[in-house]
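What follows is one structure encoded as C-alpha cells, with my remarks underneath.
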C-alpha cells in the first residue's frame, strides 16, 4: 500500500495531538509526550520506546520504501511537521517546545542538518538510528535512561 502525504499528515497530526489534549487536562505537555512515545505503555519513555517511535517515523516519511529519505521526502516531512505544529499548537511546536518539552529538539533531529552524517543529502535508516541514539542522550539530561519531567524542567 502506498503512503500518501495526506495519510502521513493525518498520522502526524494524530501523534502530535496528544500533547494538546494533555495540556487541556492540566497534565502538562510531558503527559502527552509520555502517552505518545511510551510504546509499551509502562508509563516510562526508554531508549527502546524512543527508537521504536523514531523508526516508525522514518518509515512513515520514506514514501518510496527504499530505506532512505531523499530530498523530496525530506521536504514533505518538513511540510508535514510544520502543518501539524500549526494545526495542534498554533505554530509553537509540540510537547512544550515554547517552554521546556522535547518537541523542538525532536523536530530539529528530523532534518538533514542533524541526521545526515555523511552529508550526501539523504537520510539513511542507519543515520536515522544513529541520530535517534544521540538525540535520546541529549534529551536525557538526568542520565537515568528515561525521558521524563526531570529532563525538561519544572513545567514539563
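Rule-based calculations on the coordinates, nothing more; no lab input. No experiment lies behind these values; they were computed from the predicted model shown. Note that each Cβ is placed from the backbone with ideal geometry, even for glycine, and that neighbours are counted across all protein chains shown.
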Worksheet item: Once both labels are modelled 7 Å past Cα along the beta-carbon direction, what's the residue 41-residue 56 spacing in nm?
Response: 1.2
Worksheet item: Can you sort 142, 124 so the residue with the fewest Cβ neighbours within 10 Å comes first?
Response: 142, 124
Worksheet item: Extension gain residue 72-residue 137, at 0.36 nm per residue separation less the Cα-Cα distance, in nm?
Response: 20.5 nm
Response to the item:
So for R0 = 30 Å, FRET eff. of residue 117-residue 148 from the Cβ-Cβ r, to 0.05, ends up at 0.60
